[in-house]
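Peer 1: Structure below; questions to follow.
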Amino acid sequence: MAFQGKKLINDPKDVVTEFIEGLVETYPGLQFLDGFPEVKVVLRADVSSSTYDKVAIISGGGSGHEPAHAGFVGEGMLTAAICGDVFASPPVDSILAGIRAVTGPMGCLLIVKNYTGDRLNFGLAAEQAKSEGYKVETVIVGDDCALPPPRGIAGRRGLAGTILVHKVAGAAAAAGLSLAEVATEAKCASEMVGTMGVALSVCTLPGRGTSDRLGPGKMELGLGIHGEPGAALADIQPVDVVVSHVLNQILLPETNYVPITRGNRVVLMINGLGATPVMELMIASGKAVPKLQLEHGLAVDRVYTGSFMTSLDMAGNHPPAKIPVPVPPSRSTKGDESFSQPPQLNQQGQILEAAIEAAANAVINLRDSLNEWDSKVGDGDCGSTMHRGATAILEDIKNYPLNDAAETVNEIGSSIRRVMGGTSGIIYNIFCKAAYAQLTASSQSVVTAKQWAEALEASIAAVSKYGGASAGYRTLLDALIPASSMLQERLNAGDVPYTAFVLSSEAALAGAEATKHMQAQAGRSSYVSGEILSSVPDPGAVAAASWYRAAALAVKDKYGISS
């Protein structure tokens, strides 16, 4: 049962745009990019990528958490904030525009909350920015202490403790530290922060009804910041009891959430989620400090009490300053001719063309099988999604600069991004961007087998970093990681490069088949029983192994090497 929530708004679709307009009118030190409202980026009015001589600190995420994130843009904190729609990760293009707008020669640090959409979108933007020559590092924040750490990549959510990571990173950047040093400080802070949420009511999204799932006299413990259900439903308790429970969950040694022990100095943040009166927040602060001191033996250096990262209500006439949306750095140094199909392909171009066509056709031929397997362990569209990407690649290959391997890999990523939706599209785009960045690090015109192996390794590392999966999680990495290891091993042993590629493709096939015996730790498959999982391999792993195998065989055949 729900009733229509009362909101002082116009059109619910415009709330984020109108919030940003009001924000920059209120604070003259802020501006937004002149691509607004499609590109929702708030940044410091005194910062330009052409003149900024410190590390830029960028964060963001879905809107509805105000003042986070745009409200923390300023000296000593964030350089820019990327605003998505309400409770929705911002798109890659907006994140990339923010990076380009404020990142100077010192580079930028992306601070990302641990949600799949944020990790993938910020990750893809980071890889694209790196390929354009920007220095970018990323820190993932997961400060939620509500549940025991689960197996898999979901892990602890990013909550209000992220604000403290912003502050540490912002202070380090303002002090003139290098990008590596700022990233280290931020990562250290993220590992020291623990948070737990408590809710007495459910938030109301603009234009939507208000849920009454809690009911009278109930509260939720361990909720997130998007109105999702908490870890436990309980009767409302006195604030003393609630505060004790939360502090115990975060600090007791057996929970092992944060490395804080007796005698340490700490900062306490009491964060309101949007509807809690200041009186009640202050009461909680007054109870928490002596408990930290007397029961946990901690010295409380500072207390922050207020609404810093909310969950909506879960309880001027001059135009604002604007700057143009920056465009990617010009690639004219290679000449415009490098982006059109040359009249004659060199040997590398011919091999690359054959490998790409073989890989794409292998995926196209697998569509029905992939869909059938995915219908048992996912949402049934893996084959169709991969088919769209492969078809686009075959359509676009005539325009690829095949004599330039790095640029071709980059264009493949663009083809995939245009037509492949969902997680698969983002992951493969990240894969291509990371490979492109690795390949462009070499000034050699002909890519060696060793460089291809390094590019594969870099792509796997990027997908693992931003997607969160690793070996044994029942994903495409379970095909590509064995392939990468075998490729490196055979090349180091002195095998002919094409033989090494073929042997590594056999390792990819074996890795994909082995996913039948793995318990899924990522995606929808993680909710499927082991009995069902054991009946089919992971569709994503099979797809990856199949295109890799087809490409390897095409390269071998192109050189006329017998089996």
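Quick note: the coordinates plus some simple rules give every number you see, no bench work behind them. Note that the structure is predicted; figures quoted are calculated from it, not measured. We place every Cβ from the backbone using ideal geometry, glycine too, and count neighbours over all the protein chains shown.
Peer 1: Would you pull out the residues with amide H under 5 Å of VAL86's amide H, same chain only if 5 or more places away, H placed 1.01 Å from N?
Peer 2: Here SER63 satisfy the definition.
Peer 1: Sticking with this one: Calculate how large, on average over all directions, the projected area of the Cα convex hull of the chain is; give the answer in nm² to one decimal.
Peer 2: 28.7
Peer 1: When only alpha-carbon atoms count, how far does the range 399-480 stretch along each of its three principal axes, as whole angstroms with the largest first?
Peer 2: Dimensions of the range 399-480 along the principal axes of its Cα atoms: 36, 28, 17 Å.
Peer 1: Placing +1 on the Cβ of each Lys and Arg and -1 on the Cβ of each Asp and Glu in the chain, which of VAL542, ALA101, ILE260 has its Cα farthest towards the positive end of the resulting dipole?
Peer 2: ILE260
Peer 1: 222 nm [θ] for the chain, helices only, -39500 (n - 2.57) per DSSP H run of 4+, per residue, to 500?
Peer 2: Calculated from helices alone, the mean residue ellipticity at 222 nm is -14500 deg cm²/dmol.
Peer 1: May I have the extent of the alpha carbons of the range 24-72 along their three principal axes, as whole Å values ordered from largest to smallest?
Peer 2: Taking the Cα atoms of the range 24-72, the three principal extents are 32, 21, 20 Å.
Peer 1: Taking amide H positions as placed 1.01 Å from N in the peptide plane, with prolines and chain starts having none, which residues 5 or more places from LEU298, or on another chain, fall under 5 Å of its amide H?
Peer 2: GLY263, GLN293
Peer 1: Kindly provide the Kirkwood hydrodynamic radius of the range 459-507 in Å, to one decimal, from all pairs of distinct alpha carbon atoms.
Peer 2: 11.2
Peer 1: How large is the Kirkwood hydrodynamic radius of the range 198-306, counting all unique pairs of alpha carbons, in Å?
Peer 2: 15.2
Peer 1: Let me ask something else. Could you give the alpha-carbon Rg of the range 339-558 over 2.2 N^0.38 Å, rounded to two decimals?
Peer 2: Expressed relative to 2.2 N^0.38 Å, the Cα Rg reads 0.97.
Peer 1: Taking the alpha-carbon distance from LYS130 and a cut-off under 22 Å, which lysines remain once sequence neighbours fewer than 8 residues away in the same chain are dropped?
Peer 2: LYS40, LYS54, LYS113, LYS187, LYS334, LYS433, LYS450, LYS465
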